[in-house]
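Have a look at the structure below before the remarks.
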Amino acid sequence: MSGAPVTTKVPGGWVSHVLVRFEPGGGKDAEPEISIYVKNDAEVSGYLKIRLNGEPIAVNPA
């Protein structure tokens, strides 16, 4: 998580919150999706979604 501000290209950013979500109807073996949200004092923000193993799913801004 410490690299999230660099990954999302939010200068001087910090992690504002983290969500762990399971797909609806995913069943008992469903893998969670982790969303890490970043922002800075200038209200620039971004987020990244990763799998439990750290594999990226999405990065915004890319």
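Observations
- Positions within the stretch 16-55 being over 15 Å from PRO5 (Cβ atoms) and touching a residue at least 24 places away in the same chain (Cβ under 8 Å), in sequence order: GLU33
- Positions within the stretch 1-41 being touching a strand residue (DSSP E or B) at 6+ places or on another chain (Cβ under 8 Å) and β-branched (Val, Ile, Thr), in sequence order: THR7, THR8, VAL10, VAL15, VAL18, VAL20, ILE34, ILE36, VAL38
- When residues in the stretch 22-41 are screened for being assigned to a loop (DSSP other than H, G, I, E, B) and open to solvent by 30 Å² or more (accessible area, probe 1.4 Å), 10 of them pass.
- Within the stretch 42-51, not a single residue is touching a strand residue (DSSP E or B) at 6+ places or on another chain (Cβ under 7 Å), surrounded by fewer than 11 Cβ atoms within 10 Å (Cβ to Cβ) and modelled with pLDDT of 95 or more.
- Scanning the stretch 52-62 for residues that are open to solvent by 60 Å² or more (accessible area, probe 1.4 Å) and in a loop (DSSP other than H, G, I, E, B) turns up LEU52, ASN53, GLU55, ALA62.
- Considering only residues in the stretch 1-15 that are open to solvent by 40 Å² or more (accessible area, probe 1.4 Å) and assigned to a loop (DSSP other than H, G, I, E, B), the one that is nearest to ASP41 (Cα to Cα) turns out to be GLY12.
The values are calculated or read from the model by the stated rules, or taken from the named source; none is laboratory data. Here the structure is a predicted model, which means the values were calculated and not measured. Every residue, glycine among them, receives a Cβ derived from its backbone with ideal geometry; neighbour counts consider all protein chains shown. Side chains included, ligands, DNA and RNA excluded: accessible areas come from the protein's heavy atoms. Shrake-Rupley method; radii C 1.70, N 1.55, O 1.52, S 1.80 Å.
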